[in-house]
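Input: a single structure, listed below in structure tokens.
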Amino acid sequence: MAQDKPNSSGPDLSRGIPFGDLADQGTFVGHVGDQEVLLVRTGEEVFAVSPHCTHYHGPLAEGLVVGGTVRCPWHHACFDLRTGEALQAPAIDPIACWDVEQSDGLISVRRKRQGAKSKRQDNAQREPERIVIIGGGAAGFAAAEMLRRQGYQRSLVMLSSDASLPYDRPNLSKDYLAGTAPFEYVPLKDERFYTTNCIETRLGRAVREFDVQASQVVLAGEAIPYDRLLLATGAEPVRLTISGADQPHVHTLRSLADCQSIIEGAKSSRRAVVIGASFIGLEVAAALRKRELEVHVVAPDKRPMERVLGTDMGNFIRSLHEQHGVVFHLENKAIAIDSKTVRLESGDTIEADIVVAGIGVRPRLELAEQAGLSLDRGVVVDQYLETSVPGVYAAGDIARWPDAHSGKNIRVEHWVVAERQGQTAALNMLGLRRPFADVPFFWSQHYDVPINYVGHAESWDEIAIDGDIMGKDCLIRYMRKGRVMAVASIFRDLESLKAEVMLEREVA
């Protein structure tokens, strides 16, 4: 995304600063020439790295130092301070590193290192000859990138029904849809990345089936053999079934093409109706308000997002959107859509030039079912993300895995989880046997208010609120039987990171 900008703020680190000025587990920003540099001290060691996350340019100086790593406060990416490698998505690219010199009680930084290298384990003799990935979303892309990052050099094919190369889906309902981010922020990598890394991409190609007996993936007129297979087919939006739902001004939002269609429709529209008060629906509402459309939200819920975030947060989210001009029609349903109106169950009619349905998604399980994989409201996988068929893995929105923290088999539909599962599946396809134990994380953006959420709480018997929700300064713990299951926050980034670490250590 954004790149480091020349900046000479802070002290010149090439001249040195006293070691005592650096607090243990603390950070310090200076510069070397025209580049900002972040110093991080852990014990007696000092590291020098770029101060900005490679995901959305978040300020690492405001993040959390854990051992030999630093975590971004915005979206919880994690970097190795010794190598710069991005250890946890959503960041993929490494941060820059500089050599640090210690002499006579002074710390100085002068020389920038060459590109970071991952800590690859030599596993070449056991590597599969051919890996096929079905799906070009978060999990599929992250798996392909990790395979090449680990030095896997054999055949790697990514099959995607989408006509576009992998892109940053969260942007589709946030900044790109709102018109505040340019298109170049949307692709995860350009075409050169796939060519340079010998990742064969087949776009707009629908997989008919995969044959686990013959170990091959079948497309129209072609069969592709595999030794390891990753199923990362993702989810698809639930479609409206009411009268008029098939009209061209009625949209769902999942793909880049969907987003571009909404953007085009919004250009000639004055009024929009969003059906559904899900995270996606409400982010769409915020984005369309940014484009100065009149926006109405219709949903059967008493409060937006109450099932996920509780009553108080539901009230806050409604109030926030109303402050920005959104009109809610809650405890209500759309029953028909005409060319210029939406009719509600209550008998009311809302004028609408454009309609967006955000009523949920369902996992795309057809291929898994045809292949005979074990299913349970998703594809059942073990802790290594391997399915009931050896050599076949699943990751992302379709995968139901054993979550060590909750003690349940869970399936979540979060972008960061999908990326991290793709990375873990890649390591396990190479034979490294890494259990997936990451704590789920997602973020949602509503105007200028970010909501971060770590953990997984399908239910709770207590909510503990620290701070002021309506004041946009809070940390909310969702508890069951006295145990914290999940934590939501608004502008409490550092505390959100600490909550994530706490939950991770409970897993361990």
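The values are calculated or read from the model by the stated rules, or taken from the named source; none is laboratory data. Keep in mind that this is a model prediction, so the values were computed, not measured. Note that each Cβ is placed from the backbone with ideal geometry, even for glycine, and that neighbours are counted across all protein chains shown. Just the protein is used for accessible areas: all its heavy atoms, side chains included, with ligands, DNA and RNA removed. Shrake-Rupley method; radii C 1.70, N 1.55, O 1.52, S 1.80 Å.
Table for the structure above
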{"read-out": "Residues of region 196-223 satisfying the condition of being of a type in the set (A, V, I, L, M, F, W, C) and either touching a residue at least 40 places away in the same chain (Cβ under 8 Å) or buried (at least 19 other Cβ atoms within 10 Å of the Cβ) (or both)", "value": "Cys198, Ile199, Leu203, Ala206, Val207, Phe210, Val212, Val217, Leu219"}
{"read-out": "Leading residue by the ranking (farthest from the chain's Cα centre (by Cα)) among those in region 113-135 that are at pLDDT 95 or above and open to solvent by 20 Å² or more (accessible area, probe 1.4 Å)", "value": "Glu129"}
{"read-out": "Residue tally, condition touching a residue at least 12 places away in the same chain (Cβ under 8 Å) and more than 29 Å from Lys290 (Cβ to Cβ), over region 487-508", "value": "10"}
{"read-out": "Every pair of residues 6+ apart whose Cβ atoms lie under 9 Å, when the first sits in region 470-484 and is more than 17 Å from Met502 (Cα to Cα) while the second is hydroxyl-bearing (Ser, Thr, Tyr)", "value": "Met470/Ser319; Cys474/Ser489"}
{"read-out": "Criterion (over 30 Å from Pro128 (Cα atoms) and touching a Lys or Arg at 6+ places or on another chain (Cβ under 7 Å)) met by exactly one of Ile469, Ile465, Ile490, Ile476", "value": "Ile490"}
{"read-out": "Hits in region 154-195 - residues which are of a type in the set (Val, Ile, Thr) and either under 29 Å from Val356 (Cβ atoms) or buried (at least 18 other Cβ atoms within 10 Å of the Cβ) (or both)", "value": "Val157, Thr180, Val186"}
{"read-out": "Residues satisfying the stated conditions in region 285-311, i.e. open to solvent by 10 Å² or more (accessible area, probe 1.4 Å), in a helix (DSSP H, G or I) and touching a helix residue (DSSP H, G or I) at 6+ places or on another chain (Cβ under 6 Å)", "value": "Lys290, Glu306"}
{"read-out": "Considering residues of region 154-173 that are touching a residue at least 24 places away in the same chain (Cβ under 8 Å) and assigned to a helix (DSSP H, G or I) only, the residue farthest from Tyr447 (Cα to Cα)", "value": "Arg169"}
{"read-out": "The listed residue being under 17 Å from Cys78 (Cβ atoms), among the charged types (D, E, K, R) and crowded, with 23+ Cβ neighbours inside 10 Å, out of Arg434, Arg420", "value": "Arg420"}
{"read-out": "Which listed residue, of Val327, Val355, is touching a strand residue (DSSP E or B) at 6+ places or on another chain (Cβ under 8 Å), buried (at least 17 other Cβ atoms within 10 Å of the Cβ) and modelled with pLDDT of 95 or more", "value": "Val355"}
{"read-out": "Residue list for region 432-475, filter: among the hydroxyl-bearing types (Ser, Thr, Tyr) and either within 19 Å of Tyr384 (Cα to Cα) or assigned to a strand (DSSP E or B) (or both)", "value": "Ser444, Tyr453"}
{"read-out": "Answer from Asp397, Asp438, Asp403, Asp448 - the residue that is free of Cβ contacts under 8 Å to residues at least 24 places away in the same chain and within 20 Å of the chain's Cα centre (by Cα)", "value": "Asp448"}
{"read-out": "Tally of residues being assigned to a strand (DSSP E or B) and not aliphatic (A, V, I, L, M) across region 314-360", "value": "6"}
{"read-out": "Number of the condition not met by Gly314 [criteria: (1) crowded, with 24+ Cβ neighbours inside 10 Å; (2) without any contact (Cβ under 8 Å) to a residue 24 or more places away in the chain]", "value": "(1)"}
{"read-out": "Ala144 within 30 Å of Phe279 (Cβ to Cβ) and either at pLDDT 95 or above or assigned to a loop (DSSP other than H, G, I, E, B) (or both)", "value": "yes"}
{"read-out": "1 or more residues more than 30 Å from Arg169 (Cα to Cα) and of a type in the set (Val, Ile, Thr): qualifying strands (runs of 3 or more DSSP E) within region 17-134", "value": "27-32, 35-42, 45-49, 97-103, 106-112"}
{"read-out": "Yes/no for Glu62 being open to solvent by 50 Å² or more (accessible area, probe 1.4 Å) and under 20 Å from Arg111 (Cβ atoms)", "value": "no"}
{"read-out": "Tabulated pairs, region 224-246, first of a type in the set (Asp, Glu), second outside any loop (DSSP other than H, G, I, E, B) and surrounded by 14 or more Cβ atoms within 10 Å (Cβ to Cβ), C-beta under 6 angstrom, 6+ apart or interchain", "value": "Asp227/Arg130"}
{"read-out": "Condition met for Gly30 (of a type outside the set (A, V, I, L, M), within 20 Å of Ser108 (Cβ to Cβ), buried (at least 18 other Cβ atoms within 10 Å of the Cβ) and touching a residue at least 40 places away in the same chain (Cβ under 8 Å))", "value": "yes"}
{"read-out": "Filtered residue count, region 224-240, keeping only those that are surrounded by fewer than 17 Cβ atoms within 10 Å (Cβ to Cβ) and farther than 19 Å from Pro363 by Cβ", "value": "2"}
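Here's the yes/no breakdown for (1) more than 16 Å from Ile131 (Cβ to Cβ); (2) assigned to a loop (DSSP other than H, G, I, E, B):
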{"residue": "Arg362", "(1), (2)": "yes, no"}
{"residue": "Ala368", "(1), (2)": "yes, no"}
{"residue": "Leu373", "(1), (2)": "yes, yes"}
{"residue": "Arg377", "(1), (2)": "yes, yes"}
{"residue": "Val389", "(1), (2)": "no, yes"}
{"residue": "Trp401", "(1), (2)": "yes, no"}
